[in-house]
Amino acid sequence: MRTEGKRLTPGQGWVLAVTSVASFMVSLDTQVVATALPVIRVQLHASLAALEWTVNAYTLTFAVLLLPGAALGERLGQRRMLAVGMGLFTAASAACALAPNAGALIAARAVQGAGGALVLPLAFALLSAGFHPQRRAWAIGIFTSVTGLAVATGPVVGGAVAQGIAWPWIFWLNVPIGVILVPLVLTRLSATTRAHARLDPLGLVLATGAALGIVWALIRATSLGWSSPEIVVTLTAGAALTGVFIAWELRAAHPMMPLRLFRIRAYSAGNAACLCVFAVLFGLVFFMAQFLQTGLGYGPFGTGLRLLPGWGTLVVIAPFAGTLIRRFGERLLITGGLTAFAGALIWIALIARPGLPYADMVVPLILAGSGISVAIPPTQSVVMTAVSPADIGKASGTFNMLRQLGGVFGVAICAAIFAAYGSYASPATFTDGFGPAMGACACLALAGAIVGLAIPPRRQPVGVPSESSATRTLDTTSAQ
């Protein structure tokens with residue numbers, strides 16, 4: 001392999017290979033579960049709430065531990081903590097595969113998320129440190145392509161494994177890869193200089209408690225009712241902890257999330273749009289795979305293949321993201337992309353019925369995938385170009401945490417709507433709830449489109465790196 005006329009050194013080859021495979025494994029795991037959910041529901045006798053927690057337990061721990069994970073890497077050594085994260089992720093994968101019931105699976109998924117929160121930011125940091133600036137963009141491009149491949153093929157791989165072997169094997173696949181990668185991380189990657197990174201343990205506890213309280217209420221309300229004492233208490237506690245978290249972050253000497261950055265209009269609007277983008281993306285992922293199986297009767301593998309027209313757009317459009325942003329600006333792409341996405345979801349909601357021919361879904365699936373693919377890159381771009389170079393690291397970490405939390409809330413909100421109108425009793429009752437759930441997704445998409453209008457017209461702030469250099473500092477797993 002050559003780049004800019006120079007051959008990769010063996011050390012750089014190992015850095016690129018090890019970090020890319022690590023990212024592929026963690027990114028793949030966020031997608032393979034989607035097409036296996038109906039099988040898991042039947043074999044583990046899981047409820048709708050249990051299916052939600054199977055997804056959200058992973059995403060929630062991943063979200064709240066991203067910033068502390070990066071800080072631990074700086075403080076204790078990025079190579080060492082990457083190995084720890086890989087080991088934790090691998091062990092949790094085995095625990096998922098061996099889970100005898102839904103509760104054990106959810107607990108193991110939460111540990112998986114903690115491992116992933118170490119792996120992804122530290123793999124990206126080690127990759128960036130392993131290449132000189134003039135070659136870094138090329139290396140990150142390869143890293144991004146590998147991650148995108150995991151996202152695009154995840155539903156197909158998950159469906160093939162769940163149907164051809166058994167659902168636990170979607171987790172067993174991680175174990176041999178992890179066992180090989182951990183020693184390679186320790187022996188083939190160079191140690192980086194440690195920094196005296198400050199942690200914010202109280203901020204972490206408050207953020208976790210706030211998110212957990214709100215998500216717990218959203219999930220449990222479907223079975224207990226909104227007036228239940230448990231729901232009232234957890235929702236109130238979540239809201240109160242959110243307020244305490246904001247107050248603490250405003251006065252903390254070393255805050256986990258620098259709230260001063262939210263005074264920047266482009267930064268706050270971009271992060272709000274990011275929440276909506278990933279809420280609708282995760283909500284669609286959660287229910288579309290189930291609709292194709294429970295509502296239309298396709299097998300897991302057939303479901304994965306039928307999702308490709310939508311998911312494949314993430315890979316097709318991503319290479320042109322920079323050009324689109326430079327030509328049209330972030331505001332137009334975010335608003336236009338989310339509006340198109342909302343239109344596609346409304347289309348799907350209106351035509352959804354048992355026995356619906358798959359051919360009728362192809363165009364709206366492609367439209368939905370194209371809309372979200374257009375909207376994702378500019379949310380990253382507008383956030384990163386709004387801050388000074390000194391704040392890029394914190395801004396990137398905050399963005400990645402908020403996008404994962406957006407996914408958690410998206411699944412919880414759409415599932416609450418589904419439970420109010422439908423059930424798993426039959427294809428007809430599932431479709432009764434699926435249509436309104438897609439309508440809720442469409443409303444979230446339109447909310448994001450409206451937020452996108454608050455983004456200022458594109459301009460190059462003084463002292464801020466260009467779009468291309470800013471986006472190179474991002475955690476590139478944006479399509480998860």
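Taken together, the values in this text are just the output of simple stated rules run on the coordinates, not laboratory data. Note that the structure is predicted; figures quoted are calculated from it, not measured. Quick reminder, even Gly has a Cβ in these numbers, built from the backbone with ideal geometry, and neighbours come from all protein chains shown.
What does the highest-first list of 336-343, 218-225, 270-277 look like by mean Cβ count within 10 Å?
Ranked from most to least packed, the peptides come out as 270-277, 336-343, 218-225.
Sequence-distant or interchain residues sharing an amide H contact under 5 Å with Ser426, placed H: which?
none
Using mean Cβ contacts within 10 Å as the protection proxy, how do 300-306, 179-185, 253-259 order, highest first?
Top of the packing list down: 300-306, 179-185, 253-259.
How far is the Cα center of segment 163-240 from the Cα center of segment 354-417, in Å?
Answer, in whole Å: 19.
Please label the shape of segment 275-353 as rounded, prolate or oblate, based on the square roots a ≥ b ≥ c of the eigenvalues of the alpha-carbon gyration tensor (a/c under 1.5 means rounded; beyond that, a/b larger than b/c means prolate, else oblate).
Prolate, because a/c is 1.5 or more and a/b exceeds b/c.
Within 13 Å, Cβ to Cβ, of Ser47, how many net charges do the neighbouring residues add up to if Lys/Arg are +1 and Asp/Glu are -1?
+1
Taking 0.36 nm per residue of sequence separation and subtracting the Cα-Cα distance, how much length would be gained by fully extending the chain between Ala191 and Trp226, in nm to one decimal?
7.4 nm is the gain from fully extending Ala191 to Trp226.
So, in Å, what gap is there between the alpha-carbon centers of segment 260-320 and segment 95-130?
So the separation of the two Cα centres works out to 20 Å.
If you stretched the chain out fully between Leu199 and Ala253, how much longer would it get, using 0.36 nm times the residue separation minus the C-alpha to C-alpha distance?
Taking 0.36 nm per residue and subtracting the Cα distance, the gain is 18.4 nm.
Nearest 0.05, what FRET efficiency do Ala359 and Val175 give at R0 = 41 Å with Cβ-Cβ as r?
FRET efficiency, Ala359 to Val175: 0.55.
Can you tell me the 0 to 90 degree angle between the C-alpha axis of helix 174-188 and the longest principal axis of the chain, rounded to 10?
10
By the scheme Lys and Arg +1, Asp and Glu -1, what is the net charge of all other residues having a beta-carbon under 15 Å from that of Leu224?
-1
Between Tyr421 and Arg265, what is the spin-label point distance in nm, taking each point 7 Å from the Cα along the Cα→C-beta axis?
3.6
Spelling out what I want: for every residue of segment 61-72, take phi, set θ = phi - 60°, compute 6.51 cos²θ - 1.76 cosθ + 1.60 (Karplus), and round to whole Hz; glycine and proline get x.
Ordered by residue, 3J(HN,Hα) equals 5, 4, 5, 6, 9, 4, 5, x, x, 5, 5, 4 Hz.
What are the ³J(HN,Hα) couplings of segment 255-265, residue after residue, when phi is run through the Karplus curve with 6.51, -1.76, 1.60 and θ = phi - 60°? Round to Hz, x for glycine and proline.
Once θ is set to phi - 60°, the couplings for segment 255-265 become x, 5, 10, x, 5, 4, 5, 6, 6, 7, 4 Hz.
Expressed as an acute angle from 0 to 90° and rounded to the nearest 10, what is the orientation of the C-alpha long axis of helix 10-43 relative to the principal long axis of the chain?
10
When the helices in the chain are scored as -39500 (n - 2.57) per DSSP H run of 4 or longer and the sum is shared across all residues, what 222 nm value do you end up with, to the nearest 500 deg cm²/dmol?
-27000 deg cm²/dmol
Taking the Cβ of Met361 as the centre, find all other residues whose Cβ is under 14 Å away and add up their charges (Lys, Arg: +1; Asp, Glu: -1).
+1
What percent does the relative contact order of segment 154-287 come to when contacts are Cα pairs within less than 8 Å and at least six residues apart?
Contact order relative to length: 18 percent.
Could you rank the peptides 13-21, 82-90, 324-332 by their average count of other C-beta atoms within 10 Å per residue, with the highest value first?
So the peptides 13-21, 82-90, 324-332, ranked by packing, come out 82-90, 13-21, 324-332.
Could you run the Karplus curve 6.51 cos²θ - 1.76 cosθ + 1.60 with θ = phi - 60° over segment 238-247 and give me ³J(HN,Hα) per residue in whole Hz, x for Gly and Pro?
Residue by residue, segment 238-247 yields x, 5, 5, 5, 4, x, 5, 4, 4, 4 Hz.
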